[in-house]
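Each remark here refers to the structure printed beneath this line.
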Amino acid sequence: MTKPAGSFSLHIDHIDGYEFKILFDRPSLGDLVVDEPPPLGRDQGPNPARLLAGALGSCLSASLLFCLRRAKVPVSDLQSDVEVELVRNERQRLRLGRVKVNLYPKTEPGIDFRSCLEQFEDFCVVTQSVREGIEVEVEVRAGVQTGPEVLTTAISTAD
């Protein structure tokens, strides 16, 4: 395991049905409501799959923009599209099967920014973390938060 370079935390409150409110660790960020689409939820906010797709797309966009600016490539606009393919695994559980991110930087004609294209993805925290796998520890505590019953499961996707 590598040495931590920083940390942050979130709090999530159940609202109703499959609707939750994410409270970020910075008050300036505001709260975010997430919900599942019908038939489970009421579509009151993006679902976790859409949040992950948005995180991938915006992280890659920011990484490309950062690289282009460092290379002094003038960028007048940057738009991105994220396409997600949902699949079912062998146990018929819904999963993100493929995510395709299309980036459309608007630069002056004839400017060569191949050096950025060769390296910008490596600086995207979210994309590279998803590609490499993230260690996730899950702890379920029955009753009150500090209750005596604790069921612990460690899930590691980093092989």
> Highest GNM mean-square fluctuation, the chain, Cα pairs closer than 10 Å: which of 37, 46, 109?
Replying inline: 109
> So what are the ³J(HN,Hα) numbers for region 77-91, from phi and the Karplus equation (6.51, -1.76, 1.60; θ = phi - 60°), rounded to whole Hz, Gly and Pro as x?
Replying inline: 6, 9, 10, 9, 10, 10, 10, 10, 9, 8, 9, 10, 7, 4, 9
> Along the Cα-to-C-beta direction of residue 84, a point sits 7 Å from the Cα; which residues of region 1-42 have their amide N less than 17 Å from that point?
Replying inline: 18-22, 32-42
> Which of 53, 62, 71 moves most in a GNM of the chain, Cα contacts under 10 Å?
Replying inline: 71
> Want the number for residue 44 to residue 3: 0.36 nm per residue separation, take away the alpha-carbon distance, what's left?
Replying inline: 10.9 nm
> Between 43, 35, 25, which gets the highest mean-square fluctuation from a Gaussian network model of the chain, Cα cutoff 10 Å?
Replying inline: 25
>> Compute the angle between helix 48-70 and the longest alpha-carbon principal axis of the chain, please, reported from 0 to 90 degrees and rounded to the nearest 10.
In response: 30
>> Just to be sure I understand the model, the point goes 7 Å from the Cα along the line to the Cβ. What's the resulting residue 111 to residue 140 distance in nm?
In response: 5.2
> From the phi of every residue in region 106-121, what ³J(HN,Hα) in whole Hz does the Karplus formula 6.51 cos²θ - 1.76 cosθ + 1.60 yield, where θ is phi - 60° and glycine or proline is x?
Replying inline: 9, 10, 6, x, x, 7, 8, 10, 4, 4, 5, 5, 7, 10, 4, 4
> Which cross-chain or sequence-distant (5 or more) residues have an amide H under 5 Å from the amide H of residue 43, H modelled 1.01 Å from N in plane?
Replying inline: 36
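All of the numbers you see were taken from the coordinates with simple rules; none came from a lab. All of these numbers come straight from a predicted model, not from anything done at the bench. Here the Cβ is made from the backbone with ideal geometry for all residues, glycine too, and neighbour counts use every protein chain on show.
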